[in-house]
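The values are calculated or read from the model by the stated rules, or taken from the named source; none is laboratory data. What you see is a predicted model; the values in this text were computed from it and never measured. Every residue, glycine as well, gets a Cβ built from its backbone with ideal geometry; the counts of neighbours run over all protein chains shown.
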Ligand code: AMP
């Protein structure tokens, strides 16, 4: 199965992607995670990416697509879930033409939905592990020990792009790009909408139902 998760920043794409990958034995790729990993080093690419990622702006399509293509080409598993890609219709078309060249296609575009206030609240209280990338929420899913990852004991940090002003900008960018992307997948008949206002477990129940029963 090949799945993309689309929806606004903070809607829970990363969290749901991890659960889907575990439940269905698939690979999970996150363009945001890949970029943050590249940003830890210093290279020509990291200098380019810095201009966009930390400010909450979209990385140009050609750079993102090269990264995605390289990642999924190396993958030998039978399925994957992509989180954070595509962000616009052009990216969706690039992905489709690549899959077609490999005789493949997407099975589902899962669209997670939530209201703006919930998104801003979730992003402002999100913390991530600086080592293993585990995701926490200070209100809904806090770590057992303050600022410490339950999984590996490392320090939790706030992503640079999760500060309030950047969050507002990211949501505006999402709204600008979303409608054509949504329509593109609607026309293909592979969009499935999921309300993501509830707990992680409830949302995952809905996602699991779709992936198990269509
Ligand atoms: P995310 O972790 O998905 O919120 O992504 C973090 C940042 O990485 C975004 O704000 C963008 O700067 C960049 N990014 C991730 N995926 C994409 C994409 N598909 N297109 C453009 N930029 C992206």
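Quick notes on this one:
- Residue within the range 104-113 that is more than 17 Å from the chain's Cα centre (by Cα) and within 16 Å of residue 177 (Cβ to Cβ) present: no
- Scanning the range 128-157 for residues that are more than 29 Å from residue 210 (Cα to Cα) and surrounded by 17 or more Cβ atoms within 10 Å (Cβ to Cβ) yields a total of 4.
- Tallying residues that are more than 16 Å from the ligand (Cβ to nearest atom), at pLDDT below 90 and assigned to a loop (DSSP other than H, G, I, E, B) within the range 136-164 yields 2.
- Listing of helices (runs of 4 or more DSSP H) fully contained in the range 1-99 that carry 1 or more residues being touching a residue at least 40 places away in the same chain (Cβ under 8 Å), within 10 Å of the ligand (Cβ to nearest atom) and out of contact with any strand residue (DSSP E or B) (no Cβ under 6 Å at 6 or more places or on another chain): 31-40, 44-53
- Residue 190 falls short on exactly one of the conditions (1) surrounded by 15 or more Cβ atoms within 10 Å (Cβ to Cβ); (2) modelled with pLDDT of 95 or more; (3) under 20 Å from residue 18 (Cα atoms), and that condition is (3).
- Only one of the numbered conditions (1) within 14 Å of the ligand (Cβ to nearest atom); (2) at positive phi; (3) at pLDDT 90 or above is not met by residue 133, and that is (3).
- Residue within the range 102-117 that is closer than 29 Å to residue 202 by Cα, within 14 Å of the ligand (Cβ to nearest atom) and touching a strand residue (DSSP E or B) at 6+ places or on another chain (Cβ under 6 Å) present: yes
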